[in-house]
Ligand SMILES: C[S@@+](CC[C@H](N)C(=O)[O-])C[C@H]1O[C@@H](n2cnc3c(N)ncnc32)[C@H](O)[C@@H]1O
C-alpha cells in the first residue's frame, strides 16, 4: 500500500475551497486565506492540506491545546486511558501499540510512560506531535494518511487505539476500508479500541441556537459523506469483519454546563471550543459571517448553561 501525502498545488486551490463551500456560495473572509504546501490557512486558523482527507478542524496551537485539555477530561470520565483488557499484554517487552489519528499525542505520551517496555506509535495526517524532548524513548510519531492504508505489515500491533475520528471519515470509509485496515495490522489475539462521542440534549431542552448549529454541522458532514453520529454503527461494522471476537460497547454520559457541576463547566468549555473550531468551515456552509458565528456562539454558551446537555462517549472494544 502506498503512503504518499497528497499536498496541494496552486491549480487545485479552487477545488479545495469548493470542498468547504458545498453551496458554491461566494467565500466570505477570503482575504485572510492563503495556501502553502504543507498547510492551508483560513480565517486565521491552520489546516491540513491533504487533498483526499475530509477532516475540517484546524491543526494549529489552539486546536492542540483543545485536544490536550479534552484528553484529560475523558481520562477522568472513563477513569483510565483504555477499556480493553490489555494491561498484561502491554507489560510484555516489545508489545506494540498504535494510536491512529493521535493528534498532539497526549494518549501516547501517558501510555508510553505507563508501559515502558512496550513500543508506541502515533500516526496522524498533521504533524502536530510533541517535541523531541517530551518524547519517551519508547514512543514515536509518524505523519501519514490513514486513507492511504496504514504503512505497517499485517499483524504488527498488540493494541490499536483510535479516538474521535468521526468527523474525519466517511461512513463508507469506516465500513469498507478503515476497520478492515485496523484489523489487518493487529496480531492474532490483539485488541482494537474505538472511542467516539455524540452530543445529545434531552428532548425538552430549549436550545434553538444550538439545535440550528448542530443541524448545520450534521448537514455539512452529510454532504461530505460523514455520519456525525457513527458510534451506534461501529459494533456492526466490527462484527461484519468476521475476524473479531469479544466485541463489547461501553457508554458514559457526561452532563455539560452548570447542571454537571465543575466537570460540567469544563465540558462546556470543551464543547464551545469545539464549536469555535468549526467556524471557518461552518460559517461558510451556513452562509453567515464570522461575526454572526461569534454571536451564535455566545447564545449557544447561554443555552448550554441553562439546559440539560450531555456528551455520550462510547468505547468499542
Ligand atoms: C478530533 S482529533 C482527535 C485526536 C486524538 N485522537 C485525540 O483523541 O486527542 C482527530 C485527529 O485525526 C486526524 N486525522 C484526520 N483525518 C486523518 C487521516 N485521514 N489520517 C490520519 N489522521 C487523520 C486529525 O489530524 C486529528 O489530529
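The values are calculated or read from the model by the stated rules, or taken from the named source; none is laboratory data. Every value quoted in this text rests on a predicted model; they were computed, and no experiment measured them. With ideal geometry, Cβ positions are generated from the backbone for all residues, glycine too; neighbour counts draw on all protein chains shown.
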Options 159, 152, 141: the member that is within 20 Å of the chain's Cα centre (by Cα), farther than 23 Å from residue 47 by Cβ and more than 9 Å from the ligand (Cβ to nearest atom): 159
Residues of region 97-114 satisfying the condition of being more than 11 Å from the ligand (Cβ to nearest atom) and part of a strand (DSSP E or B): 97, 98
Cross-chain or 6+ apart pairs with Cβ under 6 Å, region 271-290 first and under 20 Å from residue 257 (Cα atoms), then not in a helix (DSSP H, G or I): 271/256; 277/57; 277/58
Residue under evaluation residue 89, criteria (1) farther than 23 Å from residue 181 by Cβ; (2) more than 13 Å from the ligand (Cβ to nearest atom); (3) not in a loop (DSSP other than H, G, I, E, B), criterion not met: (1)
Boolean, residue 117 is surrounded by fewer than 23 Cβ atoms within 10 Å (Cβ to Cβ) and away from the ligand (no atom under 16 Å from the Cβ): yes
All positions within region 58-71 that are in contact (Cβ under 8 Å) with a residue 60 or more places away in the chain, more than 9 Å from the ligand (Cβ to nearest atom) and in a loop (DSSP other than H, G, I, E, B): 58
Extreme residue, nearest to residue 51 (Cα to Cα), among residues of region 120-138 that are part of a loop (DSSP other than H, G, I, E, B) and more than 8 Å from the ligand (Cβ to nearest atom): 127
Filter result for the condition that a residue is under 23 Å from residue 217 (Cα atoms), modelled with pLDDT of 90 or more and part of a loop (DSSP other than H, G, I, E, B), over 41, 55, 74: 55
Residues of region 162-185 classified as more than 21 Å from residue 112 (Cα to Cα), more than 9 Å from the ligand (Cβ to nearest atom) and touching a residue at least 40 places away in the same chain (Cβ under 8 Å), total: 8
Selection within region 33-57 - surrounded by fewer than 16 Cβ atoms within 10 Å (Cβ to Cβ), within 9 Å of the ligand (Cβ to nearest atom) and either free of Cβ contacts under 8 Å to residues at least 12 places away in the same chain or more than 27 Å from residue 157 (Cα to Cα) (or both): none
Scan of region 128-148 for residues that are more than 21 Å from residue 168 (Cα to Cα) and touching a residue at least 12 places away in the same chain (Cβ under 8 Å), ordered by number: 130, 134, 135, 136, 138, 139, 140
Flag if residue 119 is in contact with a strand residue (DSSP E or B) (Cβ under 9 Å, 6 or more places away or on another chain) and under 19 Å from residue 60 (Cα atoms): no
Per-region count, region 295-305, residues over 23 Å from the mean Cα position of the chain (by Cα) and over 30 Å from residue 80 (Cα atoms): 6
Boolean, residue 245 is at pLDDT 90 or above and in contact with a helix residue (DSSP H, G or I) (Cβ under 8 Å, 6 or more places away or on another chain): no
Pairs, first at pLDDT below 85 in region 186-208, second surrounded by fewer than 17 Cβ atoms within 10 Å (Cβ to Cβ), C-beta under 8 Å, six or more apart: 198/229; 198/312; 199/312; 200/312; 201/211
Qualifying position, being in contact with a strand residue (DSSP E or B) (Cβ under 7 Å, 6 or more places away or on another chain), part of a helix (DSSP H, G or I) and surrounded by 16 or more Cβ atoms within 10 Å (Cβ to Cβ), among 221, 234: 234
